[in-house]
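Some notes on the structure that comes next.
Every number in this text was worked out from the coordinates using simple rules, so none of it is lab data. This is a predicted model, so every value here is computed, not measured. Reconstructed Cβ throughout: ideal geometry from the backbone, glycine too, with neighbour counts over all protein chains shown.
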Amino acid sequence: MLLDVIRYSSDYELIGIFWGKLGKFGMLSGEYNVTLDDTGRIALPHSLREILEKDKVVLTKGADSCLWLYGVRQWEEQEELIFSTTNRYSSKGRIMLQHFIGPKKTLDMDKQGRILIPPTLRDHAGLSKECVVLGQRDYVEIWAVDRYRIHLDASADDFKAGLEELGNKIMMMKDVGNE
């Protein structure tokens, strides 16, 4: 069984009910309120900076009108996965690349953990002053506070349905593990 194989590897840790390879950097998690300054910079929370590479990050458009921020190593893995699974000759594939790969920027992070978000990416996410930074295991989402609240309210039913589905999967895993 997969869990038996993973159990003996020190490179893997249990994350909730999911096994995942974390490596030496750990997991990006937490919800933080941050302020976008007049020059377009935000300071990433210290707990996230400890996990990200110290001087460079990659930022791109995310789904749901937010931005996705990756450590350089995590981005390289993500980018390889996208290129290896996306058909650039199909219109959907090209659109995926145009929205996700095309606008990506590698940004410098200063000693205070601040990054300068380019105007085109700020516009995409509707960032103005108050922002939410949300750790998502191997990447970070950056939201405008108002858009984040609207998104959470609009997706409440999907969240409840997802919890039901997750509960069923957990129970199935328990049943398999007890056999």
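Compute the length gained on full extension between Lys105 and His151: take 0.36 nm times their separation in residues and subtract their Cα-Cα distance, giving the result in nm to one decimal. It would help to have the intermediate numbers written out before the result.
On the way: separation 46, 0.36 × 46 = 16.56 nm, distance 2.49 nm.
Gain in length upon complete extension: 14.1 nm.
Using 0.36 nm per residue of separation minus the Cα-Cα distance, give me the extension gain between Ala63 and Thr39 in nm, one decimal. Could the numbers behind the result be given before it?
Values: separation 24, 0.36 × 24 = 8.64 nm, distance 2.47 nm.
That pair, Ala63 and Thr39, stretches by 6.2 nm at full extension.
Would you please give the residues with an amide H less than 5 Å from that of Ser65, counting only those at least 5 places away or on a separate chain, with H modeled from the backbone geometry?
Answer set, sorted by chain and number: none.
Please grab the % of Cα pairs in the range 100-179 that end up more than 23 Å from each other. Intermediate values should be presented prior to the final figure.
On the way: 1387 of 3160 pairs.
Value for the range 100-179: 44 percent of Cα pairs lie more than 23 Å apart.
Work out from phi, with θ = phi - 60° and the Karplus expression 6.51 cos²θ - 1.76 cosθ + 1.60, the ³J(HN,Hα) of each residue of the range 107-123, listed in order in whole Hz, and give x for Gly and Pro.
Working through the residues one at a time gives 10, 7, 10, 7, 5, 8, x, 8, 10, 8, 8, x, x, 5, 6, 4, 4 Hz.
For Arg137 paired with Glu50, estimate the spin-label separation in nm (one decimal), with each label point 7 Å from Cα along the Cα-to-Cβ line.
Using points 7 Å along Cα→Cβ, the separation is 2.2 nm.
For the pairs Lys61/Lys174; Lys105/Lys129; Lys104/Lys129; Lys104/Lys169; Lys61/Lys160; Lys61/Lys111, note any where the Cα-Cα span goes beyond 31 Å. Kindly include the intermediate steps, with their values, before the conclusion.
Numbers: Lys61/Lys174 38 Å; Lys105/Lys129 21 Å; Lys104/Lys129 22 Å; Lys104/Lys169 35 Å; Lys61/Lys160 26 Å; Lys61/Lys111 25 Å.
Among Lys61/Lys174; Lys105/Lys129; Lys104/Lys129; Lys104/Lys169; Lys61/Lys160; Lys61/Lys111, the Cα-Cα distance tops 31 Å for Lys61/Lys174; Lys104/Lys169.
Taking the range 43-122, which trypsin sites (Lys or Arg not before Pro) meet the DSSP loop condition and have no more than 12 other C-beta atoms within 10 Å? Don't skip to the end; give the middle numbers.
Details: sites: Arg49, Lys54, Lys56, Lys61, Arg73, Arg88, Lys92, Arg94, Lys104, Lys105, Lys111, Arg114, Arg122; in loops: Lys54, Arg88, Lys104, Lys111.
Filter output for the range 43-122: Lys54, Arg88, Lys111.
In whole Å, how far is the Cα centre of the range 33-96 from that of the range 138-166?
Their Cα centres are 18 Å away from one another.
Along each of its three principal axes, how wide is the spread of alpha-carbon positions in the range 25-177, in whole angstrom units, largest first?
Result for the range 25-177: principal-axis Cα extents of 53, 39, 32 Å.
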